[in-house]
Amino acid sequence: MSNSKGICVNKNWAIWITGLPACGKSTIARKLYAQLCSEGVKVVLLSMDERRKIYIPNPEYTCDERQRAYNLFVEDAISIMQSGRCVILDGSAHELCWRNNAREKIEFFAEVYLRCPVNMAMKREIGRQQGLVMAGLYEKALERQCTGKEFKNLGEVIGVDVKFQEDNNAECIVDTAGKTPDETFEEVQDCLQKWRRMNGIC
């Protein structure tokens, strides 16, 4: 927090970027990471898509597995902060309790929610190449819902099979509909700068 003269001091913090699959979380997380690094902030980008296979090597894609993975995700973030660095978390965590777990354990915590209509997320996801996330995620989930066809390694898809639980009190809520990634990032950046100033964080 700021001292009596209003000067900011270094405090380790965590920022969780969340939202539906294909809402632009990873793009914004990478932009934020690059910006903070350019400012000299010691920061680590922690991606659930990258960490998931480490947490759950042989997944069965159950809700219990997701909860365990997000508990480990938060523990990793705390461990990084204890080493003297700040953390950006990139992960949907559609159940509010999973994000609140981080909020309860981390003194300086901010949630950035990228609010994106499901139909827009579906359009963005079309044509995405197979990578850390299954390609055609929404399309396969909708086909399964309509026909009963099963797809290997396809768990519950957020926005189709389960709802995303919004936190109306999140520190930063950005509606991404009709916005470019740069426009979205500008709003996120402005919001987080205000949050850092309010908390006296460098």
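The values are calculated or read from the model by the stated rules, or taken from the named source; none is laboratory data. As the structure is a prediction and not an experimental result, all values here were calculated from the model. Every residue, glycine among them, receives a Cβ derived from its backbone with ideal geometry; neighbour counts consider all protein chains shown. Just the protein is used for accessible areas: all its heavy atoms, side chains included, with ligands, DNA and RNA removed. Shrake-Rupley method; radii C 1.70, N 1.55, O 1.52, S 1.80 Å.
Here are a few things to note about the model shown:
- Take each peptide in 79-92, 40-53, 173-186, 11-24, count the other Cβ atoms within 10 Å of every residue, and average; sorted highest first, the result is 11-24, 79-92, 40-53, 173-186.
- The length gained on full extension between LYS123 and GLN193, counted as 0.36 nm times the residue separation minus their Cα-Cα distance, comes to 22.1 nm.
- In this simple spin-label model, placing a label point 7 Å from the Cα along the Cα-to-Cβ direction at both CYS97 and GLN165 gives a separation of 0.6 nm.
- Spin-label pair GLN82-SER38: with each label point 7 Å from Cα along the Cα-Cβ axis, the two points sit 3.4 nm from one another.
- Computed log₁₀ I(q)/I(0) - Debye formula, equal Cα scatterers, no solvent, the chain, q 0.14, 0.15 Å⁻¹: -0.83, -0.95
- Contact order for the chain, expressed relative to its length and based on alpha carbon pairs under 8 Å spaced 6+ residues apart, stands at 33 percent.
- Per residue, in Å², the accessible surface of the chain once ligands and nucleic acids are set aside, probe 1.4 Å: 54 Å²
- Expressed as a whole percent, the accessible area of the chain that falls on carbon and sulfur atoms is 48 (1.4 Å probe).
- Length gained when the stretch ASP182-THR62 is fully extended (0.36 nm per residue, less Cα-Cα span): 39.7 nm
- Value at 222 nm in deg cm²/dmol, rounded to 500, when DSSP H runs of n ≥ 4 in the chain each add -39,500 (n - 2.57): -14000 deg cm²/dmol
- Nonlocal amide H pairs with VAL162, under 5 Å, H built at 1.01 Å: VAL157
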